[in-house]
Amino acid sequence: MAATGQNTDIWQAYLEELPSHHISSFQNAIALEKLLATRIPSVLTSKEEIRVRVTDVQNGGSDSILCETAEALQRALTSDDKGLRIISIHSSDSITPLKISPRLLAYLLRRYHVHPSFLQVLLSFGSNVNVSEAGNSHVYLGGHEKNSYITYQINYVEEKHHRKTLTWSWRHTGVYHHHSGAKGGKAFDLFILLHPNDASVFERRIHNELQVATRILAGSSGDSEHNNYIPTALHSLALSSFTGNWRWYLRDLGRQFEKHNDLALTAVPEEATPLESYDMVSSLRDLNDSVLRAQVCCRGNLELVEKLKAATASGVLTTADDVLRQIMIEYDAKGTELHGYLASCDELIPRIRNAIDLAGYTLSLHNQLDTAKIDRELRDLIGHLEMLQRDSVDDSAAVKIITFVSAVYLPGSFIVSLYGMNFFVFDTDARQIVIAHDFWIFIATWLPLTLATGLIYVLIVWFDAWWKRKPFRLFERPVRATRVEAGLEPHVITKS
């Protein structure tokens, strides 16, 4: 809470002076105060590190100072406001805070009465470009009397070369331009540029183009209509520094798509593993998201080109007639170029989605084949189990018969072992076995004992059925469940 209150105090003076310089009915000061208090900590550095370049262009020459301390920046900003001033604020990376402290930025905004529309560009800095905001360039063109304001953000991609691969990074650059018809007939132009890194292409091109532009102004008088050439050219310079990257980015996406598409077309469902199909679908979805993001960014850049073209034609950005015609032609060329990029995206997106569908169908068909294979194996297993069950039933019946026969012969064996061979006599004279007169004793003993054994067996079977609550069956074979009862389709089992 203390930090939030301190941040509010820093911006209070700037917010209080806004109504005296800009139309207050169009500015929501309460919302701006809340945004500055909550978003600034993630946008501006909290360390004592400053990297701001102040470039002044006047009298046919330019002077550039790189300020890395607060004192150096304040000295550079307190100099006279003449001609053209470019204030470049750098960041180490697009997602890292800008290298300027909140107090110095508050001083900068108050010093030049910066239009509050620039705060939307400023507060969106430091976050990666996403699809939901990629088409929003925060374009504002307006003004009153002798003052005009132009604010916008350019979203684009840049190459990053590594040892083995080529990757792309999403960037954004913020531009603020205040043109004022100064007293005494001399105009003053202020540019505030937000760069995504220390080695910004835009920054390097500015210094290269200033050398060319100052030579154009060297032979002109101070009130020449050529004095507005450099401010107008800076907008063209910002667009041309980044819009050309889309061509190579889309070409790289096209090459990636061709590889994935070839794999999707040649994939065999029986051979493709689920992991491979999933990885293909995931890669294609990521590729589709990249093309969608490029599409909305190009659409936002096209909107920006149309707005700058209209501002140049309407006189918000005034320049010489011959330069005006040249810049209008360049804007038309940029618009045609961006239309071509959008057409490439419109052509690529449906093809990627078709490849995603094809990879998804391959994965689905692979799953169906696996399911059918498992079903066949399950059916074979059930068939083997049925054969095993039938063999078990047959074996069980055979065991019962053997058990019953054993029960019949077991008492006789017992009686024979009990009486020995006393019921049979071997007549040596007649050379034959003679049954003893007391053989009836064996019959009288064996037969009741056999009946008693069978009765005990029947009682045991009956008691087991009663205990298990099953119907009493002695010699009836158990009925096997059919496939209809088991909920299975008919299956023919053949024996070799």
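The values are calculated or read from the model by the stated rules, or taken from the named source; none is laboratory data. Quick caveat: nothing in here was measured; it's all calculated off a predicted structure. Cβ: placed from backbone, ideal geometry, glycine included. Neighbour counts: every protein chain shown. Ligands, DNA and RNA are excluded from the accessible area calculation, which covers all protein heavy atoms including side chains. Shrake-Rupley method; radii C 1.70, N 1.55, O 1.52, S 1.80 Å.
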### Pick from the stretch 43-78, criterion touching a Pro at 6+ places or on another chain (Cβ under 7 Å) and not in a strand (DSSP E or B), ranking: surrounded by the most Cβ atoms within 10 Å (Cβ to Cβ)
Val43
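Scan the helices (runs of 4 or more DSSP H) fully inside the stretch 85-141 and keep the ones with 1 or more residues being at pLDDT 90 or above. I'd like the intermediate steps shown before the answer.
On the way: elements: 102-111, 117-123, 131-134.
Output list reads 102-111, 117-123.
Condition first: open to solvent by 40 Å² or more (accessible area, probe 1.4 Å), touching a Leu at 6+ places or on another chain (Cβ under 6 Å) and more than 18 Å from Ile150 (Cβ to Cβ). Can you find one or more residues in the stretch 84-93 that meet it? Break it down stepwise before answering.
Restricting attention to the stretch 84-93, the residues satisfying the condition of being open to solvent by 40 Å² or more (accessible area, probe 1.4 Å) are 92-93.
After this cut, where a residue has to be touching a Leu at 6+ places or on another chain (Cβ under 6 Å) as well, the list is none.
Among the residues of the stretch 84-93, not one is open to solvent by 40 Å² or more (accessible area, probe 1.4 Å), touching a Leu at 6+ places or on another chain (Cβ under 6 Å) and more than 18 Å from Ile150 (Cβ to Cβ), which makes the answer no.
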### Query
Before we move on, is Phe257 more than 13 Å from Asn301 (Cβ to Cβ) and of a type in the set (Phe, Trp, Tyr)?
yes
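One line per residue, one yes/no per condition, for (1) surrounded by 16 or more Cβ atoms within 10 Å (Cβ to Cβ); (2) modelled with pLDDT of 80 or more; (3) assigned by the TED database to the domain that holds Tyr149:
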site: Ala264; (1), (2), (3): yes, no, no
site: Ser277; (1), (2), (3): yes, no, no
site: Val281; (1), (2), (3): yes, yes, no
site: Leu284; (1), (2), (3): yes, yes, no
site: Ser290; (1), (2), (3): yes, yes, no
site: Cys298; (1), (2), (3): yes, yes, no
site: Glu306; (1), (2), (3): no, yes, no
site: Thr312; (1), (2), (3): yes, yes, no
site: Val316; (1), (2), (3): yes, no, no
### Query
With respect to Ala213, is the statement that it is at pLDDT below 85, assigned by the TED database to the domain that holds Leu308 and open to solvent by less than 40 Å² (accessible area, probe 1.4 Å) true?
no
### Task
Being open to solvent by less than 60 Å² (accessible area, probe 1.4 Å), within 30 Å of Val157 (Cα to Cα), in the same structural domain as Asp289 (by the TED database) and part of a helix (DSSP H, G or I) narrows it down to one of Leu363, Leu342, so name that one.
Leu342
#### Entry: Any chance Arg379 is within 27 Å of Ala264 (Cβ to Cβ), modelled with pLDDT of 85 or more and open to solvent by 40 Å² or more (accessible area, probe 1.4 Å)
no
